[in-house]
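Working notes for the structure below.
The values are calculated or read from the model by the stated rules, or taken from the named source; none is laboratory data. Worth saying up front: this structure is predicted, and the values here are computed from it rather than measured. Quick reminder, even Gly has a Cβ in these numbers, built from the backbone with ideal geometry, and neighbours come from all protein chains shown. These area figures cover heavy atoms from the full protein model, side chains too; ligands, DNA and RNA do not enter into them. Shrake-Rupley method; radii C 1.70, N 1.55, O 1.52, S 1.80 Å.
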Amino acid sequence: MLYPLAETTECDFKRELETKKPKSWLKSVSAFANGIGGKLIFGVDDSGEIVGIIDAQKSAEAISNLIKTRITPTPQFILTLEKEQEKSVLILTIEAGRATPYYYKADGIREAYVRIGNESIVAPDYILNELILKGKNQSFDALTSDVKKEEYSFTLLEATYYERTLLKMEPKDYFSFCLADKKGYLTNAGRLFADQYIVYNSRVFCTRWNGLEKGSAFDDALDDKEFEGNLIYLLRSASDFIKNNSKVRFYKDVEYRVDKPDYAERAVTEALVNALIHRDYIVLGSEVHINMYDDRLEISSPDGMFDGKAVQEHTIADIGSMRRNPVIADLFHRMKFMERRGSGLKKIISETEKLPGYNESLKPIFYSDGSSFRVILKNVNYGTTKVSDKVSDKVSDKLNEKEKCFFNVLMTLAKQHDFVTTKVVAEATGMPEATTRRYLAKFSKMDIIVSDGKNRSKKYYLKNTSMTEANP
C-alpha cells in the first residue's frame, strides 16, 4: 500500500468511518478540495497501524453519499479499496478543486476548511476571500476599485518604466497592463503603483538586530525603518536598507582585488520582488518584514505558497509559475525587476552560489506555512577568521615594542578604512612620514601588506583580506 507513514498536509488517517458525526472527516474533504488535494485513509489509526474497515462496500456508499449531501459544491473524488494484512482499507482521494471555496454544510452551518500542517481548520476570512477569488478565476490585484486614476499621480512608476525599458508609458498602457479599466477606475494593482499611499497593507518593516536573535526594538535594534506606499518605492527603500546594513569585504593580491559582499545583490533583489508580488494584500494589518542579524537576512511576507503546499515540500527546481498577483508580477517582469516567471527561487540560489567563500552550508533556505513565506539568506562572511589576528600571531615575536605599537595602530586603521596611506598612518601614530614609510616597507617585505600606486598616492592594503568591513 502506498501512503505516508504519518498524517501530513496531504494525508489524514481515520480509524473508522464516523457516520453519526461525519464532520470529523468531512472537514478534511473540504480542506483538501480547497487546497492541493489529499487522501483520507479509513481503517488506519493515528499511529499508522492498520485496523481495517468492517463492511467496506457499505462504508464506501456512505462516504459517497455524505460527500454529495454535505460538501458544496461537490468536489471530484475517487474511492479505492485495498487489502493489507487481510484487512480492508478504504482510500478516499480528493482532487484540488477549481470551484473554491468548498463548504461543509449541516444544521444551518456552512464552513470552508483549509489544511494547516496535519490539521483541518476553518478558513480565516482572508483565506476565504482568496478562495472566493480563486473560484471565480480572479485575483485581488486585477479587481477594479472605486478610485479614479485622475485623482492620483504615477510619477515614480512612469519614470521607472522609462528608465528600465526606454519606453514611455502611455495613457492606454494603464488599461493594457490592467492598472485601470476603460472608465478610468484603478484596479488594486493600479492603487499599489500610485505615488500616494492608498493601500494600507502596502508596507515593509525593516530591522537590523544586534546579534543573532530578535530583542527589544529599543535596546537591541541597530537600525529600524518602516516604509509604506508605492511598490517600486518599497523595493528601492528595502534594498537600500539592506545595503546600508551589509558589508563588503575584499581580498587583494598584487594584481587584483576581489569583493566579498555579505549577500549577493541580485539574490536580495529577487527575494524582495518575490515578497512584494506574491504576498497576500488581503490580510488586514499585514506587511513584509525584513530582519537582519549578524549571520543572516530574513525576508518574510504574508501568506504561504499560492498552491497551498509548503515550499519546503517542493523541489525548488520544479516549482512552476503560480502567481497570486499576476498583474503586479507582469509589470515587474516588464520593468526587468524579475526574470523568467517561476525562476525567482532558483535565481536566489544560483546568485548566492557565485559569492566568494560560498559553501553548501550557506545555501538559502525557503520556508512557508499557511500564513507566511520566508527566505533566509546566510551571511557568507559571518564567522570567518579575521586575517589581522593571524598576522598578529605571525609577527608578534619578530617586532620590537615600537614596531608592535605601530602594527596595532595599522590593524585598527585596517578595520576603519578601505585602504591607508603614509600620511594617514603617520597622523595616527604620531611618527614622521619618513619613519612611517620605513615601517610600511618592512611590513611589505614581511608579506603582510601590499601597495598600489607610487610616491604620495601610494595606497596600502592588508594582503589576502580587506582593510575594512565598511558599507559599500
Task: Selection from the range 196-226 of residues that are among the polar types (S, T, N, Q), within 16 Å of A238 (Cα to Cα) and modelled with pLDDT under 95 - done: N201
Task: Selection within the range 394-408 - surrounded by 14 or more Cβ atoms within 10 Å (Cβ to Cβ), modelled with pLDDT under 75 and not hydrophobic (A, V, I, L, M, F, W, C) - done: none
Task: Selection count, the range 422-462, where residues are among the hydroxyl-bearing types (S, T, Y), in contact with a Phe, Trp or Tyr (Cβ under 7 Å, 6 or more places away or on another chain) and within 27 Å of D259 (Cβ to Cβ) - done: 3
- [ ] Please go through the range 409-424 and pick out each residue that is more than 21 Å from K247 (Cβ to Cβ) and at pLDDT below 85.
- [x] V409
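When the range 22-32 is examined, which residues are found to be of a type in the set (A, V, I, L, M) and modelled with pLDDT of 95 or more? Outline the logic, then answer.
Just the residues of the range 22-32 that are of a type in the set (A, V, I, L, M), to begin with: 26, 29, 31.
Within the range 22-32, L26, V29 qualify.
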Open item on the list: I need the full set of residues from the range 37-50 which are over 22 Å from S64 (Cβ atoms) and either in contact (Cβ under 8 Å) with a residue 24 or more places away in the chain or surrounded by 23 or more Cβ atoms within 10 Å (Cβ to Cβ) (or both), in order please.
Closed with: D45, D46, G48, I50
TODO: For T9, work out the one condition from (1) modelled with pLDDT of 90 or more; (2) open to solvent by 10 Å² or more (accessible area, probe 1.4 Å) it doesn't fulfil.
DONE: (1)
Task: Long-range neighbours under 6 Å by Cβ, at least six apart or interchain, first residue within 22 Å of V283 (Cβ to Cβ) within the range 304-327, second among the aromatic types (F, W, Y) and at pLDDT 80 or above - done: G304/F373; V311/F366; Q312/Y367
TODO: Please work out which one of (1) exposed (fewer than 15 other Cβ atoms within 10 Å of the Cβ); (2) closer than 21 Å to F373 by Cβ; (3) of a type outside the set (G, A, S); (4) touching a residue at least 60 places away in the same chain (Cβ under 8 Å) is the condition E84 fails and give its number.
DONE: (2)
Task: For T19: the one exception among (1) assigned to a loop (DSSP other than H, G, I, E, B); (2) without any contact (Cβ under 8 Å) to a residue 40 or more places away in the chain; (3) surrounded by fewer than 18 Cβ atoms within 10 Å (Cβ to Cβ) - done: (2)
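So, restricting to helices (runs of 4 or more DSSP H) that lie completely within the range 90-195, which ones have at least 2 residues that are at pLDDT 95 or above and either of a type outside the set (A, V, I, L, M) or surrounded by fewer than 22 Cβ atoms within 10 Å (Cβ to Cβ) (or both)? Please lay out each step first, then the result.
Working: elements: 125-135, 155-165, 171-176, 188-192.
Per the criteria, 155-165, 171-176, 188-192.
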